[in-house]
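Everything below concerns the one structure shown next.
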Amino acid sequence: MKKKIPAYEQPLFGALLTMTAGGMDAYSYLLHGKVFAGMQTGNLILLGIRLGERQLNLCWRYAISLLAFFAGTLLVRIFQRNHLFKTHGTKGRQAILLYQALLLILVALLGTHISNFTATIILSIAAAAELQAFHQLDGVPFTPLMMTGNLRTLAETSWDTLAYREVAAKHRLITTLLIFISFTIGAVIVAVVIPYLGTSSILIPVAILLLAWLRLAHV
């Protein structure tokens with residue numbers, strides 16, 4: 001008998017997460033000092049570039065995002081070790097989605113009154129919560145904040161599907177393509193609405209998170 005995949009590991013839910021992540025990164029990059037909220041590899045590269053260029057005054061913005069992401073991961077890990085999370089997996093993950101949404105709402109409420117420094121900290125903590133709580137999709141490892149691994153999977157499953165007609169590879173190809181496109185759509189939507197909504201554009205990822213929350217609430 002095939003094992004049932006939990007709702008928080010299903011493709012549609014994963015697509016909502018990656019759409020949120022794409023929107024958050026677009027928002028933080030465009031409005032808060034060209035720093036990524038979740039894509040810490042990108043921040044690390046930019047930190048290295050600034051160090052190499054001796055632009056030490058710009059290094060702090062990337063370093064603070066890395067540190068905030070680290071701290072945000074620890075906060076969620078502490079919650080995950082609690083017996084309530086262990087015995088109520090779905091509800092625990094719903095709580096993390098609300099926690100992430102509240103952090104983003106805080107950024108929206110503070111609007112232009114918030115510094116890039118503070119915004120970066122809050123956004124990176126929110127992104128860390130998502131990655132720490134949701135790192136499996138269809139029973140295999142999954143990273144909603146980064147698409148490099150998903151790009152590799154797209155190439156691999158495309159070949160296995162076309163050359164060997166593998167059914168499992170085709171299923172994973174479709175799922176990964178959905179994730180890849182969703183991340184891009186999230187970034188596109190936020191980039192499009194920023195000229196009109198400004199700092200309130202972060203409410204777009206909030207709305208997507210609430211859809212993800214509702215998805216878990218109806219299982």
Output for segment 15-71, where each listed residue is of a type in the set (Phe, Trp, Tyr) and assigned to a helix (DSSP H, G or I): Tyr27, Tyr29, Trp60, Tyr62, Phe69, Phe70
Residues satisfying the stated conditions in segment 59-87, i.e. of a type in the set (A, V, I, L, M) and over 19 Å from Ile122 (Cα atoms): Leu84
Which of the following residues is assigned to a helix (DSSP H, G or I), in contact with a Ser or Thr (Cβ under 8 Å, 6 or more places away or on another chain) and under 24 Å from Pro11 (Cβ atoms): Gln132, Gln94? Gln132
When every residue in segment 138-155 that is loosely packed, with under 14 Cβ neighbours inside 10 Å and in contact with a Lys or Arg (Cβ under 9 Å, 6 or more places away or on another chain) is compared, the one farthest from Gly38 (Cα to Cα) is Gly139
Starting from segment 51-66, take each residue that is of a type in the set (Lys, Arg) and list its partners that are surrounded by 10 or more Cβ atoms within 10 Å (Cβ to Cβ), counting only C-beta distances under 6 angstrom and pairs at least six apart or across chains. Arg61/Gly33; Arg61/Val35
Are any of the residues in segment 101-124 at pLDDT 95 or above, within 20 Å of Ala217 (Cα to Cα), surrounded by 13 or more Cβ atoms within 10 Å (Cβ to Cβ) and touching a helix residue (DSSP H, G or I) at 6+ places or on another chain (Cβ under 7 Å)? yes
Select, from Leu177, Leu211, the only residue that is under 23 Å from Pro141 (Cβ atoms), assigned to a helix (DSSP H, G or I) and at pLDDT 95 or above. Leu177
Residue count, segment 156-168 (criterion: exposed (fewer than 12 other Cβ atoms within 10 Å of the Cβ) and within 28 Å of the chain's Cα centre (by Cα)): 1
Looking for something closer than 19 Å to Met24 by Cα and in contact with a Phe, Trp or Tyr (Cβ under 9 Å, 6 or more places away or on another chain) - is there at least one such residue anywhere in segment 70-83? yes
Considering only residues that are free of Cβ contacts under 8 Å to residues at least 40 places away in the same chain and surrounded by 13 or more Cβ atoms within 10 Å (Cβ to Cβ), which ones fall in segment 75-87? Phe79, Phe85
Tell me which residues, restricted to segment 72-91, are of a type outside the set (A, V, I, L, M, F, W, C) and part of a helix (DSSP H, G or I). Gly72, Thr73, Arg77, Gln80, His83, Lys86, Thr87, Gly89, Thr90, Lys91
Pairs under 7 Å by beta carbon, first residue closer than 11 Å to Ala15 by Cα in segment 162-191, partner assigned to a helix (DSSP H, G or I) and of a type in the set (Ser, Thr, Tyr), six or more apart or different chains? Thr176/Thr153; Thr176/Thr157; Ile179/Thr18; Ser182/Thr18; Phe183/Thr18; Gly186/Thr18; Gly186/Thr20
Restricting attention to segment 105-116, which residues are closer than 19 Å to Thr20 by Cβ and either β-branched (Val, Ile, Thr) or in contact with a Pro (Cβ under 6 Å, 6 or more places away or on another chain) (or both)? Ile105, Val107
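The values are calculated or read from the model by the stated rules, or taken from the named source; none is laboratory data. Since the model is a prediction, treat every value here as computed from it, not as a measurement. Backbone-built Cβ (ideal geometry, glycine too); neighbour counts: all protein chains shown.
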